[in-house]
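Asker: Dumping the structure here so I can ask a few things about it.
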There are 2 protein chains.
Amino acid sequence: MTKEVVPDIVIARLPRYLQCLNLMAKEGLHTVSSGVLAERLGTTAAQIRKDLSYFGGFGKQGSGYPIYSLIEALQEILNLDRIWQVAVVGAGDLGRALTRYQGFPRRGIEIKLLFDVDPKLVGTKVGPITIQHVDYLEKEIRHHDIKIGVLAVPAEYAQKIADRMVKAGIEGILNYAPVSLILPETVHAQHIDPVLQLQTMMYYLGED
Amino acid sequence: MTKEVVPDIVIARLPRYLQCLNLMAKEGLHTVSSGVLAERLGTTAAQIRKDLSYFGGFGKQGSGYPIYSLIEALQEILNLDRIWQVAVVGAGDLGRALTRYQGFPRRGIEIKLLFDVDPKLVGTKVGPITIQHVDYLEKEIRHHDIKIGVLAVPAEYAQKIADRMVKAGIEGILNYAPVSLILPETVHAQHIDPVLQLQTMMYYLGED
DNA sequence: TAGATTGTTAATCGATTAACAATC
DNA sequence: TAGATTGTTAATCGATTAACAATC
């Protein structure tokens, strides 16, 4: 029983499919074909059918995919059928904006811990969360058994904090700091850097 | 004279090379081999050499790449040898955090305009920028000849604002709203959605 | 039934990797 | 010179697309 491996790039597309399907459900649709879904997502019907087929046959010939049950299937595949708790390190503008971001609780993500080094910030609240000193990072992450960390610290501290997160049991890191982290292969990392994305665009906007 | 097309994915990697090279320059290094650079970036030497070779031969056999001149070359390739002005729409937590973000001016990105619909916000300042009413979006973008827009509005308004940006002459959009935008092929878009990135991770973290 | 659309296979396309002659 | 490392070509690998039988 050799389980076929699903390419990373396929996994990365599933949340987008899910997002679009949720929107369509909200619009009152019940069924969608791969062609219509593809158009809304700016991709191709063949790709959507191929991607979904890694996990099973969710559609019906002639009519397409039932939106509700496909949403449920994708949520289960992505392990979204539960609440994930997250620890944020860095309570500057960005860390605070993330902690307040409504899109997280709405989609099953709960920011449970928020850390900073600045004694002026420690003890103050961001929404319902009290900022704790970063010295307690390991203890608190272990105590709450948190698996996902968000790095919102300056570049020069990012690697150190990431190392500490990993030692504390973190298995996934969302990195907002403008540096490439060196991490064990067992840890899953995602990098968000608006500057890198803008610089990519600037290449194409050059002909002015 | 058929100019070879450089794959998008190569372009997307160049800013990361540049970021790493800048860090190395700061550390006092003068020269770096593709192998060392690859290790720092978590990629392979062959890929770095191949990527750079699309644009010319920047290295020297035996010693590697001179860091300074490679930085300069990459900056020129990516059109970073000038200041890019940007308009941000949406002055909520996120829009304000982006407007204050130090990483932008440091790397040649100047947030010039900031818009919102909320009359309580219009007229107030975020750093040196005064929030303007979104009604003036077209007029101001045209007046300053701005080519890059950042979307930091709720999902339901994102497509409409994007359409207005495009009509006003915007050619690149950095989209923080959790929706897939439908845009003309001439417009370059980048999507930042932390929820989608976290959901991708959750697939791999599932075995708990 | 006839039309539509899936799931899947095979063909194509493109990107990554390996290997090595050239050369600093 | 000998060792190191580039730039490039060819081989490999993987992902996308096209096509179509199956079937709702």
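Asker: Please count how many residues of segment B:137-182 are under 26 Å from A:Lys26 (Cα atoms), surrounded by fewer than 18 Cβ atoms within 10 Å (Cβ to Cβ) and among the aliphatic types (A, V, I, L, M).
Answerer: 2
Asker: Here is a further query. What is the one condition in (1) within 16 Å of DNA strand D (Cβ to nearest atom); (2) not in a loop (DSSP other than H, G, I, E, B) that A:Val6 does not satisfy?
Answerer: (2)
Asker: On to the next question. Could you please let me know if B:Gly64 is crowded, with 21+ Cβ neighbours inside 10 Å and on the phi > 0 side of the Ramachandran plot?
Answerer: no
Asker: Could you tell me which residue of segment B:50-59 is farthest from DNA strand C (Cβ to nearest atom), considering only residues that are within 14 Å of chain A (Cβ to nearest Cβ) and either at pLDDT below 95 or not in a helix (DSSP H, G or I) (or both)?
Answerer: Here the answer is B:Phe55.
Asker: Moving to a separate point now. Somewhere in segment A:70-92, is a residue within 23 Å of B:Met201 (Cα to Cα) and within 16 Å of DNA strand D (Cβ to nearest atom)?
Answerer: yes
Asker: Take the residues of segment A:9-49 that are outside any helix (DSSP H, G or I) and not β-branched (Val, Ile, Thr): which is nearest to the other protein chains (Cβ to nearest Cβ)?
Answerer: A:Gly42
Asker: What number of residues within segment B:184-208 satisfy the criterion of being within 21 Å of the chain's Cα centre (by Cα), within 29 Å of A:Ile146 (Cα to Cα) and either of a type outside the set (D, E, K, R) or at the interface with chain A (Cβ under 7 Å from one of its Cβ atoms) (or both)?
Answerer: So the answer is 7.
Asker: Answer yes or no as to whether A:Ile77 is within 16 Å of DNA strand C (Cβ to nearest atom) and at the interface with chain B (Cβ under 9 Å from one of its Cβ atoms).
Answerer: Criteria met by A:Ile77.
Asker: If you don't mind, another one. Is segment B:13-32 home to any residue that is more than 18 Å from the chain's Cα centre (by Cα), surrounded by fewer than 20 Cβ atoms within 10 Å (Cβ to Cβ) and within 16 Å of DNA strand C (Cβ to nearest atom)?
Answerer: yes
Asker: Within the group A:Thr44, A:Thr31, which residue is modelled with pLDDT of 95 or more, within 10 Å of DNA strand D (Cβ to nearest atom) and among the hydroxyl-bearing types (Ser, Thr, Tyr)?
Answerer: The unique qualifying residue is A:Thr44.
Asker: Can I ask one more? For A:Ala97, are the conditions met, namely being at pLDDT 95 or above, surrounded by 16 or more Cβ atoms within 10 Å (Cβ to Cβ) and over 17 Å from the mean Cα position of the chain (by Cα)?
Answerer: no
Asker: Ok, one more. Has segment A:108-124 got any residue that is crowded, with 19+ Cβ neighbours inside 10 Å and of a type in the set (Gly, Ala, Ser)?
Answerer: No, the conditions are met nowhere in segment A:108-124.
Asker: I would also like to ask the following. Of (1) within 25 Å of A:Pro154 (Cβ to Cβ); (2) of a type outside the set (Asp, Glu); (3) within 11 Å of chain A (Cβ to nearest Cβ), B:Leu181 satisfies all except one. Which?
Answerer: Unmet for B:Leu181, out of (1) within 25 Å of A:Pro154 (Cβ to Cβ); (2) of a type outside the set (Asp, Glu); (3) within 11 Å of chain A (Cβ to nearest Cβ): (1).
The values are calculated or read from the model by the stated rules, or taken from the named source; none is laboratory data. Remember, it's a predicted structure, so these values are computed and weren't measured experimentally. Quick reminder, even Gly has a Cβ in these numbers, built from the backbone with ideal geometry, and neighbours come from all protein chains shown.
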